[in-house]
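S.K.: Got a structure for you, questions after.
The values are calculated or read from the model by the stated rules, or taken from the named source; none is laboratory data. Given the structure is predicted, the values throughout are model-derived calculations rather than measurements. Areas reflect the complete protein model, heavy atoms only, side chains present, ligands, DNA and RNA absent. Shrake-Rupley method; radii C 1.70, N 1.55, O 1.52, S 1.80 Å.
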Amino acid sequence: MIKLSRFLKDESGATAIEYGLIAGLIGVVIITAVRTLGSNVSGKFNAIAGNLT
């Protein structure tokens with residue numbers, strides 16, 4: 001019974017899950033930013049290439 005009580009009071013797993021969710025969210029934000037920036041840069045290079053020819 002004491003082990004069950006300790007297990008229910010232990011919050012170390014919740015902290016690890018929170019850190020995992022934060023890391024996942026940061027990864028999604030970085031991927032979105034890189035895709036958007038990549039599309040914008042690609043469009044600029046295509047416009048410059050079109051003006052050179």
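S.K.: Where only protein heavy atoms count, and the probe is 1.4 Å, what is the accessible area per residue for the chain in Å²?
M.R.: 95
S.K.: Could you give the length gained on full extension between residue 26 and residue 51, defined as 0.36 nm per residue of separation minus the Cα-Cα distance, in nm?
M.R.: 5.2 nm
S.K.: A follow-up question, please. Roughly how tilted is helix 12-52, in degrees to the nearest 10 and between 0 and 90, from the longest Cα axis of the chain?
M.R.: Approximately 0 degrees, to the nearest ten.
S.K.: Turning to a different aspect of this structure: For the chain, what number results from the quotient of the Cα radius of gyration and 2.2 N^0.38 Å? Please report the intermediate quantities before stating the final value.
M.R.: Working: Rg = 23.6 Å, N = 53, 2.2 N^0.38 = 9.9 Å.
The chain yields a ratio of 2.37.
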